[in-house]
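**Q** Here's a structure for you.
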Amino acid sequence: MARPAKREVAETCFELLNIEMVRLYHEKDDTSTARAALESIGFQVGHQLAERYSMDRPRFSEHLDVIKFICKEFWIELFKKPVDNLKTNRHREIFVLHDNKFRW
């Protein structure tokens, strides 16, 4: 199945949408409910993006394979730049990604 052509949206539009979502949820609910709702939306969007960008790949068998995919493909696709640094403690399965210009 052929993938549709990539569509892009100006970053300013995305930022304005985020600002309006936060404002709307804070007007509608108390702070903790708004925070939970926005976090849930962020999780769902992230999950859908990860599914979309990894659907043509075989299932990952190791945590390290997932981290490699995130650093080498997914991050570059989303932010148009590689991760600046990756710190790991594989024994405890802790992975920390550093992006020095991350704006969110």
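The values are calculated or read from the model by the stated rules, or taken from the named source; none is laboratory data. Computed from a prediction, not measured in an experiment: that's the story for all the values here. Ideal geometry is used to build each Cβ from the backbone, glycine not excepted, and the neighbour counts take in all protein chains shown. For accessibility, only protein heavy atoms count, side chains too; no ligands or nucleic acids. Shrake-Rupley method; radii C 1.70, N 1.55, O 1.52, S 1.80 Å.
**Q** May I ask you to say which residue of 77, 11, 62 is open to solvent by 70 Å² or more (accessible area, probe 1.4 Å) and under 17 Å from the mean Cα position of the chain (by Cα)?
**A** 11
**Q** Would you mind finding the one in 62, 51 that is of a type in the set (Asp, Glu) and under 23 Å from residue 84 (Cα atoms)? Let's see the steps before the verdict.
**A** Details: 51 fails: under 23 Å from residue 84 (Cα atoms).
Going through 62, 51 in turn, just one is of a type in the set (Asp, Glu) and under 23 Å from residue 84 (Cα atoms): 62.
**Q** If you don't mind, another one. Would you be able to say whether some residue in segment 88-95 is open to solvent by less than 80 Å² (accessible area, probe 1.4 Å) and either under 27 Å from residue 7 (Cβ atoms) or aliphatic (A, V, I, L, M) (or both)? Outline the logic, then answer.
**A** Here is the first cut: in segment 88-95, the residues open to solvent by less than 80 Å² (accessible area, probe 1.4 Å) are 88-89, 94-95.
Cutting the leftovers down to either under 27 Å from residue 7 (Cβ atoms) or aliphatic (A, V, I, L, M) (or both) gives us 94.
Checked segment 88-95: at least one residue is open to solvent by less than 80 Å² (accessible area, probe 1.4 Å) and either under 27 Å from residue 7 (Cβ atoms) or aliphatic (A, V, I, L, M) (or both).
**Q** Among the residues of segment 87-99, count how many are on the phi < 0 side of the Ramachandran plot, in contact (Cβ under 8 Å) with a residue 12 or more places away in the chain and more than 16 Å from the chain's Cα centre (by Cα).
**A** Taking segment 87-99 first, the residues on the phi < 0 side of the Ramachandran plot are 87-92, 94-99.
Those still in the list that are in contact (Cβ under 8 Å) with a residue 12 or more places away in the chain too: 88, 90, 95, 97-99.
Now drop any that are not more than 16 Å from the chain's Cα centre (by Cα), which leaves 88, 90.
Of the residues in that region, 2 qualify.
**Q** Can you list residue pairs whose Cβ atoms sit under 8 Å apart, with the first residue in segment 48-70 being β-branched (Val, Ile, Thr) and the second being surrounded by 13 or more Cβ atoms within 10 Å (Cβ to Cβ)? Count only pairs 6 or more apart in sequence or on different chains.
**A** Listed pairs, sorted by first residue: 66/60; 67/86; 67/88; 67/95; 70/83; 70/97.
**Q** Take the residues in segment 14-50 that are within 19 Å of residue 73 (Cβ to Cβ) and open to solvent by 80 Å² or more (accessible area, probe 1.4 Å), then tell me which one is modelled with the highest pLDDT.
**A** Just the residues of segment 14-50 that are within 19 Å of residue 73 (Cβ to Cβ), to begin with: 45-50.
Next, only the ones that are open to solvent by 80 Å² or more (accessible area, probe 1.4 Å) stay: 47-48.
Working: 47: 91, 48: 94.
Ranking the qualifying residues of segment 14-50, first place goes to 48.
**Q** Just to be sure I understand, how many residues within segment 65-74 are over 29 Å from residue 16 (Cα atoms) and open to solvent by 90 Å² or more (accessible area, probe 1.4 Å)? Don't jump to the end; show me each part of the working.
**A** So the first thing to find is which residues in segment 65-74 are over 29 Å from residue 16 (Cα atoms), and the list is 65-69.
Still in the running and open to solvent by 90 Å² or more (accessible area, probe 1.4 Å): 68.
Within segment 65-74, residues that are over 29 Å from residue 16 (Cα atoms) and open to solvent by 90 Å² or more (accessible area, probe 1.4 Å) number 1.
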